[in-house]
Amino acid sequence: MKDFFRNAEHLIRVLVLLAIGLAAFLVIRRSVIPAEFGKYGHFRPGAMDDIRARPVKFAGHAVCEACHSDQADVKGKGKHVNVACEACHGPLAKHAEDPASLVPTLPDTAVLCARCHEASQAKPKSFPQVVTAEHSGGVACNTCHKPHNPQIGG
Amino acid sequence: MGTILPGVEGYMYPNEIELQWSILIVLYPYITGLVAGAFILASLERVFKVDAVKPTYRLALLVALAFLLVAPLPLQLHLGHPERSFEMYLTPHRSSAMAMFGFVYLWYLMIVLLMEIWLDYRKDIVEWAHSGSGFKTWIYKILTLGSRNISPAALRIDDKVGYIITLIGIPSAFLLHGYVGFIFGSVKANPWWSTPLMPVVFIFSAMVSGIAAVMLLYMLTSKLRRVPIDMRCVDTIGQYLFYTFIIDFSLEMLDLVHRLYEADESLRALDFMVHTRLYFSQVVLQIFVGTLLPIALLGLTQVTKIAENTRKAIYSIAGAVTLVSILAMRWNVVIGGQLFSKSFLGYTSYKMGFATREGLLPAIILILLPFVILYVLVKLLPPWPKSEAAA
Amino acid sequence: MEMTRRDLLKKSGKFILLTSAAAAAWDCVLSGKAEAAPNYDVTQHWWAMIIDPEKCIGCGNCVRACEAENDVPPGYFRTWIERYHVVDGDFEHPQVDSPNGGHDGFPEKYKDAARTFFLPKLCNHCADSPCVQVCPVGATFVTPDGVVLVDQKYCLGCRYCIQACPYGCRFLNPKTNTADKCTLCYHRITQGLTTACCESCPTQARVLADLKNPKDPIHEFLRTHSVQVLKPQMATHAKVFYKNLDGSVR
């Protein structure tokens, strides 16, 4: 038996080295592994918080309507009732937070309205669409249509 | 008409146009394949007692080690955050085949390859550590791990343990390379990759490439050292290469025939891709020049008597062509799988840079690096018998 | 500004009724503690989305809104719109295009009698997500409330998840060098807001849904309409439900 250990001594050295390596790995792992990893599943729960902490850019129409109830009233009576404010005016959370910090510029109706209302074979047939060149001959859309309630005479 | 995207034909999902896995990901399975194949050749002698290939035993192990050391490099270059790669050790996701890479790699490097090489060379290492002086002797001294015992009893134990390690090493080699095949084969989203045959095809083509590499290196190093080539050895290796190639080719043809027969929704798109973007690399390089030609050449040596010099030429050509062929196979799998759209309505093209992080230049460097490492290993741990240690 | 008492009452009443939840959440946003938004319990929600392609007009508002809300790098898409053109009812060979993902709308292309329609796409937030399955380190995951997210601080950028997604909704973000994709505006929906894409859709072709909320209209919707998911054969249990999805959709 003693003979065996003497002759296998070099292998025992290898095993000792491996054991030290494994122990070192386990110690390092414990200190480096992210906190609470695995709490909800195989991931770092802090990631959910990281993403939830991202800044909001679109305030959402409810927030707009809190201050701009007059426009909301006008819009509520027309065909654009379900078009959110920021769908046309762009992300305005900054403005909602501090109105003076970001004054929204009026969108260019020639570009804006055409995005939705330019006639296209792919659009649903029931959706109001025109060939803008023929429809207005280049005149700006808001000459005749009020964007918040676009029906003429409505 | 909207923007015409360069290199795109038909419709690709917008996020699919740019390829995700580059030539570096082509290289990685190629390299681990060479490792696995070289090791299998070495195990032929150690476990299956094929004496004829003994002259290549140590060389095969060193070849495997040289390539294994380079294997993680293409992956590190490819990662968006290589500094986070240790996370695979911290929190390996058990459902992901890729998560086992770190552990299988370390296992294979330390427990299989390094142990086997160390045990086989230990007697020589101890002798070299106690003769001569200088930097090299210091390395040998460290490699002895402080033990001087090279008595016959100790060496018998070494031999037994080495045998067991090689025995475990064979499935370990299959795991080292087979898991890569599974990484591709288990992606249900990609019909070019998704097949249960993928790990098996990878393993057999790995064996083919590894055997060819060792055979070529043995012939080359013998020539450089002006030492006669042991023809019984290369004839035997050539035989194993031939039969392994037949199995590999059969598996690939089985996959093809199966696809053509079932003709599912992906067939038309894949067929078009093979006939256009992948024609040269798949049909010409991999199948005809890369598989049928070497099989025919090697088959010739099996059915009829051929002069020694002609046989050497056949083995050289077949070996070299095989190495190119298996690289082409990896290319066809990795790049091919990304050239067509998952909508089956379009195709894109691979724009490989040159001196970029994942470009051709780093790929060339990475494929040459193992030979540099092999040179150092061969100088440090000469795999030739002492009687031949001349030039 | 002149305001009568009546105006004041109207205004504050509206504020209280319409926006109490949003206002409370908004306070948290303003104070910089979004994660502390009150009353959000991950176990009480199971997020999904309903898309009605028959309402989509291909205006691209959703793509632009997502880009603005989430700082999506140009040329990469967390959501995009496809246009399908099916000639002679040959739905096995549709012509599909998506110029810049539909970001700037669609230039006029077809003038025939063929069936043409728009189809918005995004991450399907699969309950049995193949992308989550293949992540080697756990950098992408399904939250307890059903949203598939990427941990930008943990992702290695190996791109396996991008390969595994059958729908092409993932990409590698060149700024962070990590995998990226639609988060279902997780930072918004956990505060009572809707996603940026749903907010800006002028026709409500896209509507956020909460399967665990008994009052959510999705339950009635699923009972009364023909509903499909993309690539059902992949069994990913996608949670983006399309109404009357055409057979030509890939």
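The values are calculated or read from the model by the stated rules, or taken from the named source; none is laboratory data. Remember, predicted model here, so these are calculated numbers, not experimental data. When we count neighbours, we look across all protein chains shown, and the Cβ atoms used for this are built from the backbone with ideal geometry, even at glycine.
Couple of notes before you dig in:
- Hey, B:A99 within 14 Å of chain C (Cβ to nearest Cβ) and within 24 Å of B:F39 (Cβ to Cβ) or not: yes
- In summary, B:F101 fulfils each of the numbered conditions (1) modelled with pLDDT of 95 or more; (2) buried (at least 22 other Cβ atoms within 10 Å of the Cβ); (3) touching a Phe, Trp or Tyr at 6+ places or on another chain (Cβ under 8 Å); (4) of a type outside the set (K, R) with the single exception of condition (1).
- Scanning the stretch B:172-197 for residues that are part of a helix (DSSP H, G or I) and either among the β-branched types (V, I, T) or within 15 Å of the chain's Cα centre (by Cα) (or both) yields B:S172, B:A173, B:F174, B:L175, B:L176, B:H177, B:G178, B:Y179, B:V180, B:G181, B:I183.
- Matching residues, the stretch B:120-142, being more than 11 Å from chain A (Cβ to nearest Cβ) and among the aliphatic types (A, V, I, L, M): B:A129, B:I139, B:I142
- Verdict on B:L68 being within 18 Å of B:F39 (Cα to Cα), more than 8 Å from every other protein chain (Cβ to nearest Cβ), without any contact (Cβ under 8 Å) to a residue 60 or more places away in the chain and crowded, with 20+ Cβ neighbours inside 10 Å: yes
- Qualifying residue in the stretch B:149-158 (condition: at the interface with chain A (Cβ under 9 Å from one of its Cβ atoms) and in contact with a Ser or Thr (Cβ under 9 Å, 6 or more places away or on another chain)): yes
- Within the stretch B:294-308, the set of residues being closer than 12 Å to B:V234 by Cβ and either of a type outside the set (A, V, I, L, M) or loosely packed, with under 12 Cβ neighbours inside 10 Å (or both) comprises B:T301, B:E308.
- Candidate set: the stretch A:66-98, residues that are of a type in the set (D, E), surrounded by fewer than 21 Cβ atoms within 10 Å (Cβ to Cβ) and under 23 Å from the mean Cα position of the chain (by Cα); chosen: the one farthest from C:T203 (Cα to Cα): A:D98
- Number of positions in the stretch C:120-139 that are free of Cβ contacts under 8 Å to residues at least 24 places away in the same chain and not in a loop (DSSP other than H, G, I, E, B): 0
- Annotation: B:V53 fulfils all but one of (1) surrounded by 24 or more Cβ atoms within 10 Å (Cβ to Cβ); (2) of a type in the set (V, I, T); (3) modelled with pLDDT of 95 or more; the unmet one is (3).
- Test for A:A122: is it farther than 22 Å from A:I152 by Cβ, of a type in the set (A, V, I, L, M) and in contact with a strand residue (DSSP E or B) (Cβ under 9 Å, 6 or more places away or on another chain): yes
- Enumerated strands (runs of 3 or more DSSP E) restricted to the stretch C:1-116, each holding at least 1 residues that are surrounded by 23 or more Cβ atoms within 10 Å (Cβ to Cβ) and at pLDDT 90 or above: C:47-51, C:79-86
- The stretch B:71-88, subset of a type in the set (A, V, I, L, M, F, W, C) and not in a helix (DSSP H, G or I), residue surrounded by the fewest Cβ atoms within 10 Å (Cβ to Cβ): B:F86
- Members of the stretch C:156-205 found to be within 7 Å of chain B (Cβ to nearest Cβ) and of a type in the set (A, V, I, L, M), listed by number: C:L156, C:I162, C:A164, C:L172
- Count of residues meeting criterion [farther than 25 Å from A:C116 by Cβ and surrounded by fewer than 24 Cβ atoms within 10 Å (Cβ to Cβ)] in the stretch C:117-131: 4
- Checking C:D112, C:D104 one by one, the residue that is more than 7 Å from every other protein chain (Cβ to nearest Cβ), at negative phi and in contact (Cβ under 8 Å) with a residue 40 or more places away in the chain is C:D104 and no other.
- Test: residue in the stretch B:232-246 that is in contact with a Leu (Cβ under 8 Å, 6 or more places away or on another chain) and at pLDDT below 95: no
- Number of the condition not met by C:R83 [criteria: (1) within 7 Å of another protein chain (Cβ to nearest Cβ); (2) more than 20 Å from the chain's Cα centre (by Cα); (3) of a type outside the set (A, V, I, L, M)]: (2)
- Residue check for C:T203: at pLDDT 95 or above and more than 27 Å from A:H89 (Cα to Cα): no
- Selected residue (criterion: nearest to the other protein chains (Cβ to nearest Cβ)) from residues of the stretch C:228-238 that are under 17 Å from the mean Cα position of the chain (by Cα) and among the aliphatic types (A, V, I, L, M): C:L230
- When every residue of the stretch B:330-337 is checked against the conditions, at least one turns out to be β-branched (V, I, T) and assigned to a loop (DSSP other than H, G, I, E, B).
- In the stretch C:164-179, the residues that are buried (at least 24 other Cβ atoms within 10 Å of the Cβ) and of a type outside the set (G, A, S): C:C165, C:Y167, C:C169, C:R170, C:F171
- Selection within the stretch A:35-76 - part of a loop (DSSP other than H, G, I, E, B) and more than 7 Å from chain C (Cβ to nearest Cβ): A:A35, A:E36, A:F37, A:G38, A:K39, A:P45, A:P55, A:A59, A:H68
- When we screen B:V284, B:V372 for residues that are closer than 20 Å to B:G33 by Cα and part of a helix (DSSP H, G or I), the only hit is B:V372.
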